[in-house]
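The values are calculated or read from the model by the stated rules, or taken from the named source; none is laboratory data. This is a predicted model, so every value here is computed, not measured. With ideal geometry, Cβ positions are generated from the backbone for all residues, glycine too; neighbour counts draw on all protein chains shown.
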Amino acid sequence: MASTLLIIQLVLTILIIIAILLQKSASMGLGAYSGGNDTMFGAKGPANVLVKITFVLGALFVINTITLGYTYNSERNKSIVDTINTNNLIPQAPAKGLAVPAAPVASDASAPAPVVPSPK
């Protein structure tokens, strides 16, 4: 979700930059390339349309920024430590009623000792 919002944020940023550069200014910016009176925007040029587009893109940018901040904040509150299963890490005491293994019994004294070969 956050990566999708981040991509949308980048696209909105580029579109806002383009919309602002196309608006008429003292130096005409990129608006000089929009043509003369016979453009699709009419004799006044794209001034009113670009102002509305910039306003809408700015509102979408602010809404997306708030949503992106909320998403990152909610993901930040989750920790990878919260996902660790600690039941397997802590040794458990044997349950009552289970038999405890007996200690090893000493070997039988009547059994012959093993023969160790002598070094030559």
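Regarding VAL81, is this residue within 30 Å of ALA2 (Cα to Cα) and either surrounded by 10 or more Cβ atoms within 10 Å (Cβ to Cβ) or at pLDDT below 70 (or both)? For VAL81, the condition - within 30 Å of ALA2 (Cα to Cα) and either surrounded by 10 or more Cβ atoms within 10 Å (Cβ to Cβ) or at pLDDT below 70 (or both) - is not met. Note on segment 26-68: among residues that are of a type in the set (Gly, Ala, Ser) and at pLDDT 90 or above, the one that is surrounded by the most Cβ atoms within 10 Å (Cβ to Cβ) is GLY58.
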